[in-house]
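Encoded as structure tokens, the structure appears first; notes follow it.
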Amino acid sequence: MKHTTWPRSSSSSPFSSLHFRNLTVSEFSAAYSARSVRLCSRPPPSTSGGGDFSALPYDVLTKIAASFDQPNLRAASLVCRSWGEALRPLREAMLLLTWGKRFKHGRRGVRPNAEKALESFLKAAARGSALAMVDAGLIYWERGEKQKAVDLYLKAAELGNPSAQCNLGISYLQAEPPNTEEALKWLYKASISGNVRAQYQLAHCLHRGGGINSNIKEAANWYLKAAEGGYVRAMYNISLCYSYGEGLTRSHRLARKWMKRAADHGHSKAQFEHGLALFSEGDMMKAMVYLELATRAGEKGAAHVKNVVVHRLSAASRDHAMHLAESWRALPSR
């Protein structure tokens, strides 16, 4: 693997502990039946009801369950005595993970303590929890211990955790020099698992990467998937793709649709541009609301246009628009 180093730590982490797809017990069984052919030393004995999954080797079982959340882990543990015994370390890890999050965020009467949080996450990671590997990696990254973070992301990524795959891909993009090949590999794995941040990052690489990695059509496809999944930056970018016909057929209607969605989810540039569009159409009341929101978010150009709009509205309309801006709340996003 290409040797990489990482830049100095900044005040905020580029990563987040994102959602991942949770397997049901039936999906878990199906995953086993597909993998056991390759991984088990012998096929499970046949019974009248199908394969005897109690014969599943413990190491295979724990790898499959490494990214399970607590409800699915509990359900899998109840399948049979063999599974209950095999998954005991992961159940212990889940308890440690819970305490780690309490120490990290100061929940349920526990004071924030990064050291204790990291200690809990590492103990959970040692018991095989991919979720804990990601959380420990986040703390290491925030501290500037990038290689320790990447090592944990890699372990969790190899266990199939999409959040780890996404964070690992971003790590390789931020390395000095960037390892684009490895970054695209892991971002793609996370993207096909439905991780919207990975989908956006993959699209951005394909869109702006240049050279052999540039693929505008595929980039637009991933922007659209991330936008449909609720990722705000992707909503803004897919609007631009539709507006300029980059990777997609130009569509004013779809460009406006996604620009408004991005604006309603709190994207300041989208609020500015949507406000401009409303202004050009003569809808001064709505234009002022979005331009006011953009101005408050720091979009300097929005303030100038808003001042023009103010002089075209009555005092009552201005007051109403300001009231709408005051009471506005962004739609939830991912």
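The values are calculated or read from the model by the stated rules, or taken from the named source; none is laboratory data. Quantities reported herein were computed from a predicted structural model and do not represent experimental measurements. Ideal geometry is used to build each Cβ from the backbone, glycine not excepted, and the neighbour counts take in all protein chains shown. Heavy atoms of the whole protein, side chains included, go into the accessibility calculation; ligands, DNA and RNA do not. Shrake-Rupley method; radii C 1.70, N 1.55, O 1.52, S 1.80 Å.
How big is the gap, in Å, between the Cα center of segment 295-334 and the Cα center of segment 52-116? Between the Cα centres of segment 295-334 and segment 52-116 lies a distance of 48 Å. With all protein chains in place and a 1.4 Å probe, the accessible surface of segment 167-269 carries 47 percent carbon and sulfur. Every pair of different Cα atoms in segment 196-334 enters the Kirkwood calculation, which places the hydrodynamic radius at 15.6 Å. The residues of segment 100-213 have, on average, 43 Å² of accessible surface per residue, using a 1.4 Å probe with all protein chains present.
Shown here for segment 234-334: GluC sites (Glu not before Pro) in loop regions (DSSP other than H, G, I, E, B) with at most 11 other Cβ atoms within 10 Å, namely E281.
In a simple Cβ point-charge model (Lys, Arg +1; Asp, Glu -1; nothing else charged), segment 267-334 has a dipole of about 180 debye relative to its Cα centre.
Each of H311, S251, A321 was placed along the dipole of segment 231-334 (beta-carbon charges, centred on the mean Cα), and the one lying farthest toward the positive end is S251.
Note on segment 242-265 and segment 156-221: Cα centroid distance 23 Å, given to the nearest whole angstrom. In terms of accessible area, using a 1.4 Å probe and ignoring ligands and nucleic acids, Y172, Y244 rank largest first as Y244, Y172.
Accessible surface comparison of H204, H265, H304, H105, probe 1.4 Å, protein chains only, largest first: the order is H304, H105, H204, H265. Over segment 200-266, Cα pairs under 8 Å with separation of 6+ residues give a relative contact order of 25 percent. For segment 213-286, the convex hull spanned by the alpha carbon atoms encloses 81 Å³ per residue. Extension gain, M322 to K217, is 33.7 nm, computed as 0.36 nm per intervening residue step minus the present C-alpha separation. Of all lysines in the structure, the ones whose alpha carbon falls short of 22 Å from that of K217, not counting any fewer than 8 places away in one chain, are K185, K189, K225, K257.
The local environment of N113, defined by Cβ-Cβ distances under 13 Å, has a net charge of +4 under the rule Lys, Arg +1 and Asp, Glu -1. Counted by Cβ distance under 13 Å from A234, the other residues give a net charge of +4, where Lys and Arg count +1 and Asp and Glu count -1. For segment 97-111, putting each phi into the Karplus relation 6.51 cos²θ - 1.76 cosθ + 1.60 with θ = phi - 60° gives couplings of 5, 4, 5, x, 5, 5, 5, 5, 9, x, 9, 6, x, 9, 6 Hz, in residue order, rounded to whole numbers and with x for Gly and Pro. Loop-located trypsin sites (Lys or Arg not before Pro) across segment 251-325 with a Cβ neighbour count of 14 or fewer within 10 Å are R312, with loop assigned by DSSP.
Normalising the Debye intensity of segment 241-320 to I(0), with uniform scatterers on Cα atoms only, and taking log10 at q = 0.15 Å⁻¹ returns -0.51.
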